[in-house]
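For reference, the structure discussed in these notes is given below.
The values are calculated or read from the model by the stated rules, or taken from the named source; none is laboratory data. The structure presented is a predicted model; accordingly, all values stated were derived computationally and were not measured. Note: ideal-geometry Cβ built from the backbone for every residue, glycine included; neighbour counts use all protein chains shown. Keep in mind that these areas ignore ligands, DNA and RNA; they rest on the heavy atoms of the full protein, side chains included. Shrake-Rupley method; radii C 1.70, N 1.55, O 1.52, S 1.80 Å.
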Amino acid sequence: MRILVFGQTGQVARELANVLTDAWFLGRAEADLSDPASCSATIEARRPDAVINAAAYTAVDKAEEDEVLAQIVNGQAPGEMARACAKADIPFVHISTDYVFDGTGSAPWRPDDKTAPLGAYGRTKRAGEVAVLAAGGTSAILRTSWVFSAHGGNFVKTMLRLSETRDALSIVADQVGGPTPARAIAEATVAMAEGMADNPATAGIYHFTGAPDTSWADFAREIFAQSGRAVTVEDIPTSAYPTPAKRPANSRLDCSSLDTTFGIARPDWRTHLTDILTELGARP
């Protein structure tokens, strides 16, 4: 199966490059998501067997003042991709986010739960979901959260950087979710594309996060424990660390349908963290 991937330098795209041996990876120069029509044109020209969209406008805080561009990239472009895939009768996998929910309660969010984004980023990602579903065809939406890897900017690398000059950090403890390794997301999207090619009835919305669920503060503690950094973590509430965009307090996602349909279980993020820290040369 020849897969076309939108995205080249992001965390999931970088891991997809390690997973796929025969694929096209399109960066901004080849397919600019701010020009949605170019995305569908690229699919029509390349004629792949499946498409994975691993590209997005991910600057959560900046999106609050740049929602127009975020809406084009996160909302309109995926819709164009999905329509082109439907026309070509090929599977399309689109990566979305826990930010489509308002983060209330403590129960894991199910794929069919009502969405209610708190900010611009979540609104634009939800718009992309709606556009993908409206396109018809064989499409799957994979919502995930708290992505980390050895590449790009993420919480793990930020904690390691801060630990170089700090011996104590205040970290938010009232936001709970599942840290998700980018490698596991990459593998899941490929398995979903292949699964839908065999059985189009498996199209739909799915959730995928690492296990067990944890807080940002406890995630940081595990990072420092595994990397041998003597950093004390102080638990603080979200209110003590204000940001332009509101973050969902409850990012727990019910991932059972992904396991039932595709046989993809939640990965243990602690094991993947060990591998990533080793890759970064950050293990004692």
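Which FRET efficiency value, to the nearest 0.05, do you get for Asp167 and Thr243 by plugging their Cβ-Cβ distance into 1/(1 + (r/R0)^6) with R0 = 35 Å? That pair, Asp167 with Thr243, gives E of 0.90. What a 1.4 Å probe finds exposed on the range 139-199 is 45% carbon and sulfur by accessible area, rounded to a whole percent.
Principal-axis analysis of the Cα atoms of the chain puts helix 269-279 at an angle of about 90° to the longest axis. Only lysines eight or more places from Lys246 in sequence, or on another chain, were considered; those with a Cα closer than 19 Å are Lys62, Lys114, Lys125. Between helix 120-134 and the chain, what is the angle of the helix's C-alpha long axis to the longest principal axis, kept within 0 to 90° and rounded to the nearest 10? Taking the Cα atoms of the chain, the angle to 120-134 is about 30 degrees. Fully extending the segment from Glu44 to Ser215, taken as 0.36 nm per residue of separation minus the present Cα-Cα distance, adds 57.2 nm.
Going by average Cβ neighbours within 10 Å, how do the peptides 181-188, 11-18 rank, with the highest at the top?
Numbers: 181-188: 23.6, 11-18: 21.9.
Top to bottom by mean Cβ count within 10 Å: 181-188, 11-18.
Under a Gaussian network description of the chain, with springs only between Cα atoms under 10 Å, the residue in Leu20, Leu253, Leu162 that fluctuates furthest is Leu162. Rounded, prolate or oblate: which fits the range 5-86 when a ≥ b ≥ c are the square roots of the eigenvalues of the alpha-carbon gyration tensor, with rounded for a/c under 1.5 and prolate only if a/b beats b/c? Taking the square roots of the gyration eigenvalues as a ≥ b ≥ c, the range 5-86 is oblate.
Beta bridges per DSSP, both residues in the range 145-284: antiparallel share near 15 percent. Couplings 3J(HN,Hα) for the range 35-46, derived from phi with the Karplus relation 6.51 cos²θ - 1.76 cosθ + 1.60 (θ = phi - 60°), are 10, x, 4, 5, 5, 5, 5, 5, 5, 5, 6, 7 Hz, where x marks Gly and Pro. Is any residue of the range 242-271 close enough, with backbone N under 11 Å, to a label point placed 7 angstrom from the Cα of Asp113 along the Cα-Cβ axis, and if so, which? The answer is 249-255. Database remark: amide H of Trp109 closer than 5 angstrom to the amide H of Arg252, Leu253, Asp254 (H placed geometrically; neighbours at sequence offset of 5 or more, or on other chains; Pro and chain starts carry no H). Report note on the peptides 272-284, 217-229, 113-125: ranked by the mean count of other C-beta atoms within 10 Å, highest first, their order is 113-125, 217-229, 272-284. Based on protein heavy atoms only, the range 119-241 ends up with 36 Å² per residue of surface accessible to a 1.4 Å probe. About its Cα centre, the dipole of the chain is roughly 140 debye, where the only charges are +1 on Lys and Arg Cβ and -1 on Asp and Glu Cβ.
What FRET efficiency comes out for the pair Val19/Leu69, r = Cβ-Cβ distance, R0 = 22 Å, nearest 0.05? For Val19 and Leu69, the calculated efficiency is 0.15.
How large is the Kirkwood hydrodynamic radius of the chain, in angstrom, based on all distinct alpha carbon pairs?
Kirkwood radius, the chain: 19.1 Å.
Relative contact order of the range 130-284: 33 percent, from C-alpha pairs under 8 Å at least 6 residues apart in sequence. With helices as the sole contributors, the chain gives -11500 deg cm²/dmol at 222 nm; each DSSP H run of n ≥ 4 counts as -39500 (n - 2.57), and the sum is divided by every residue.
For the chain, the antiparallel share of DSSP beta bridges with both residues in that region comes to about 5%.
The dipole here belongs to the range 152-284: it is taken about the Cα centre, uses +1 on the Cβ of Lys and Arg and -1 on the Cβ of Asp and Glu, and is about 380 debye. Shape verdict for the range 166-284, please, from the Cα gyration tensor: rounded (a/c under 1.5), prolate (a/b greater than b/c) or oblate. Oblate, because a/c is 1.5 or more while a/b does not exceed b/c. Taking all protein chains as present, what is the carbon and sulfur share of the accessible area of the range 219-266, in % to the nearest whole number, probe 1.4 Å? Roughly 50 percent of what the probe reaches on the range 219-266 is carbon or sulfur. Note: relative contact order over the chain, using C-alpha pairs below 8 Å and six or more positions apart, is 21 percent.
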